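The values are calculated or read from the model by the stated rules, or taken from the named source; none is laboratory data. If you're wondering where the values come from, they're calculated on a predicted model, not measured in any experiment. Cβ coordinates were reconstructed from backbone atoms using ideal geometry, including for glycine residues, and neighbour counts include every protein chain displayed.
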Amino acid sequence: MRIAAVVLAAGASRRLGELKQLVRLNGETLLDRVVRICGEAGCAPIVVVLGASADVVREQCALQGATAVVNCNWTEGMGSSVRAGVEALSSDVAGCVIVTCDMAQVTAAHLQELLRTGELSASEYAGRRGVPAYFPAAMFSELMQLHGDAGARTLLKDARAVLLPDGEIDVDTPDDLRRVRELFS
């Protein structure tokens, strides 16, 4: 039973002021870090969804073992990136974990816990459920209906929850990046 990973990395990082995909944490780009963690969790295939500055990101990241797809509609929001990633998956996967490239607290053990039961599972942090999240293949048609920037949050309201400590800290602003670097120093 193959479980895929869809890594969302299409945004322009306007609030951060630099491409978050290329931000280095302990000598590794955030994007390469999450690709490595997905591989360590046993996810295959790994699909990375690029958008803004796709050529630059592709040049500067190894994307070890991952397939990159470009979401030409990335300005539409996260829903379009989810659709692009799910559309790129082969029909023989049992499900996929959706993860963003800017959540440094994600570990292979956390992803494995999301996948453990084979049922819809979301990360829980700051009193809400969100990504990373596991979606069984039976939900792919619902993922293909997502639009806007809300992503899959509405699908996750009744999902099994797996605590992700400090999961609310993602790299969106320079202050966020400082906090993440402090956590990992």
Residue that is surrounded by the most Cβ atoms within 10 Å (Cβ to Cβ), among those in segment 76-94 that are in contact with a strand residue (DSSP E or B) (Cβ under 7 Å, 6 or more places away or on another chain) and not hydrophobic (A, V, I, L, M, F, W, C)
SER81
For segment 25-84 the number of residues that are modelled with pLDDT under 95, more than 25 Å from LEU183 (Cβ to Cβ) and aliphatic (A, V, I, L, M) is 1
What about VAL106, is it surrounded by 13 or more Cβ atoms within 10 Å (Cβ to Cβ), touching a Cys at 6+ places or on another chain (Cβ under 8 Å), closer than 26 Å to LEU183 by Cα and of a type in the set (A, V, I, L, M)?
no
Just to be sure, is CYS72 surrounded by fewer than 18 Cβ atoms within 10 Å (Cβ to Cβ) and closer than 22 Å to ARG58 by Cα?
yes
If you go through ALA133, ALA122, ALA138, the only one that is among the hydrophobic types (A, V, I, L, M, F, W, C) and either over 17 Å from the mean Cα position of the chain (by Cα) or more than 16 Å from VAL6 (Cβ to Cβ) (or both) is ALA138
Please state which one of SER141, SER123, SER90, SER80 is in contact (Cβ under 8 Å) with a residue 40 or more places away in the chain and part of a helix (DSSP H, G or I).
SER80
